[in-house]
1. What strands (runs of 3 or more DSSP E) lie completely within the range 255-315 and have 1 or more residues being of a type in the set (D, E, K, R)?
2. Within the bounds of the range 189-200, is there any residue that is assigned to a helix (DSSP H, G or I), touching a strand residue (DSSP E or B) at 6+ places or on another chain (Cβ under 8 Å) and assigned by TED's automatic domain parsing to the domain that holds HIS33?
3. All but one of (1) touching a helix residue (DSSP H, G or I) at 6+ places or on another chain (Cβ under 9 Å); (2) modelled with pLDDT of 85 or more hold for TYR312; state the number of the condition that does not hold.
4. Please go through the range 425-442 and pick out each residue that is crowded, with 18+ Cβ neighbours inside 10 Å and assigned to a loop (DSSP other than H, G, I, E, B).
5. Does THR237 fit the bill of being closer than 20 Å to GLY163 by Cβ, surrounded by fewer than 22 Cβ atoms within 10 Å (Cβ to Cβ) and of a type in the set (S, T, N, Q)?
6. Based on what the data block shows, is PRO279 in the same structural domain as LEU160 (by TED's automatic domain parsing), of a type outside the set (Phe, Trp, Tyr) and surrounded by fewer than 15 Cβ atoms within 10 Å (Cβ to Cβ)?
7. Look at the range 8-42 and say how many of its residues are of a type in the set (Asp, Glu) and loosely packed, with under 13 Cβ neighbours inside 10 Å.
8. Identify the residue in the range 163-181 that is in contact with a strand residue (DSSP E or B) (Cβ under 8 Å, 6 or more places away or on another chain) and surrounded by fewer than 24 Cβ atoms within 10 Å (Cβ to Cβ) and, among all such residues, is nearest to HIS65 (Cα to Cα).
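The values are calculated or read from the model by the stated rules, or taken from the named source; none is laboratory data. Note that the structure is a prediction, hence the values are computed from the model and not measured. Using ideal geometry, Cβ is built from the backbone for each residue, glycine included, and neighbour counts are taken over all protein chains shown.
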Amino acid sequence: MYKKYTSFKELTDDFVSRSGPAIIYCGNDGVKHEISYAELADMINAEAAHIRAMCGFAEVVRADHSVETVVSILAHVIVGADVIITDPMVPDDIAANAAAAAEEAKMERSTRRDSRGRISLKRKEGELLFFTSGTTSRSKIVRLTSGSLCASAWNGQSMLSCGEGDVILSILPLAHVYGFVCSLLWGLAYGAAVALGRGSGRLADDAMLFRPTIVPAVPSQISAMIEADAINPELRTLLIGAAPCTPATITVLREKGIDVYLGYGLTETASGIAITQDPDEPLALYPCPDSDIRVEPDGEVTIATPCMMEGYIGAIPMFDGDRFFTGDIGFMDEKGRLHLTGRKKDVLLMEDGSKIFCPEYEDELAEETGFADLGIVSKGGRAVLVCGLGGDRDVLMTAVKKNNRGLQSSQQIYDVIAVDHVLPRTRTGKLRRYELQEEIGE
């Protein structure tokens, strides 16, 4: 039975008894270097002592896949400081938002100082604050404890194990909870070596340098790996999350002898909720041990789990009792497996009660026209198709008219609107429908 850690301190204390490398990285000299678990524990403890002396309560860490970043994050949380992890590639206004959120977190914690104004050694560990992707609403700041993150790592390990001898290539942004848990914390919790990747442009080089056995990634990264022939012979497991993966891609990977697992989770649930177990049915997601998944009468997936967030900063959570309403639509099959079919907020509810499942329409039109930068929103109570830069409105209108046949009038797309820019999307390719709706107007 795998150990379920309750804090980063408990996890770090276990490092000293382990053998094998904890972190592998490529130095400025172009040479691969290793840091043992015992050495990593010493680095974290030394940094924690320094932070404690500085009396810090909140910190913005720009995660750049360096050893220093890993040490800084864990050490800050251990001494009780809140950490907002930001992506070094995000625009300055996002970074400024993170800094403001850190100040707000600091104010929330200000009453927890000891009599000398220092971080109390007796109070609980700090929190990690992650930004949601903001696909269907304004991006929120999610408060996660080290305990909830460790519980998520345990959930994942219970379904897909890693351990000594494994090398996990970390190429996901650590500023996203999926990247933090699955490409860093999971490996450190259960004895694998975490290889810190050098960015998407170095995928092929890193695959040959680090020789990973496991790679957590998003579909766009998987496609880049296949195109760059960055599939090293030792790679046996790919964990895919954050966005849907095409059956064609899964087939290509399986033909290369790689086991493909699809994972489901949210920032609010510290990632791990459900994961593939049957390679022949990769879209059938088995609930993790601590995941209480339920599909409500309207099809929305709700979750109760120890991995749950503490809440948002400055926003109201989507809770009903202890259940979190995900906004995802799905169903449970006769074997108790979760199947996701779309997003609730990606559904347009028309005046006569009929519904338009926007991603289905968008996918059909993209396949028919060969142009994928499409988004459906509502205007004047009816559905319109918006095409991004480079889209041919006449071609799209022809395809729309064809697809409208056989649909009741309320479910038809009545216009195509061409804009002079690409449509707003998250880094994982999800359409920011709320931004598009604001641009087009109601």
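1. Correct list: 259-266, 292-295, 300-304.
2. Within the range 189-200, the first condition is being assigned to a helix (DSSP H, G or I), and the residues that meet it are 189, 200.
Then drop every residue that is not touching a strand residue (DSSP E or B) at 6+ places or on another chain (Cβ under 8 Å), which leaves none.
No: the range 189-200 contains no residue that is assigned to a helix (DSSP H, G or I), touching a strand residue (DSSP E or B) at 6+ places or on another chain (Cβ under 8 Å) and assigned by TED's automatic domain parsing to the domain that holds HIS33.
3. (2)
4. Of everything in the range 425-442, those that are crowded, with 18+ Cβ neighbours inside 10 Å and assigned to a loop (DSSP other than H, G, I, E, B) turn out to be THR428, LYS430, ARG432.
5. Details: closer than 20 Å to GLY163 by Cβ: yes; surrounded by fewer than 22 Cβ atoms within 10 Å (Cβ to Cβ): yes; of a type in the set (S, T, N, Q): yes.
For THR237, the condition - closer than 20 Å to GLY163 by Cβ, surrounded by fewer than 22 Cβ atoms within 10 Å (Cβ to Cβ) and of a type in the set (S, T, N, Q) - is met.
6. Spelling it out, PRO279 is indeed in the same structural domain as LEU160 (by TED's automatic domain parsing), of a type outside the set (Phe, Trp, Tyr) and surrounded by fewer than 15 Cβ atoms within 10 Å (Cβ to Cβ).
7. The number of residues fulfilling the criteria is 1.
8. ALA175
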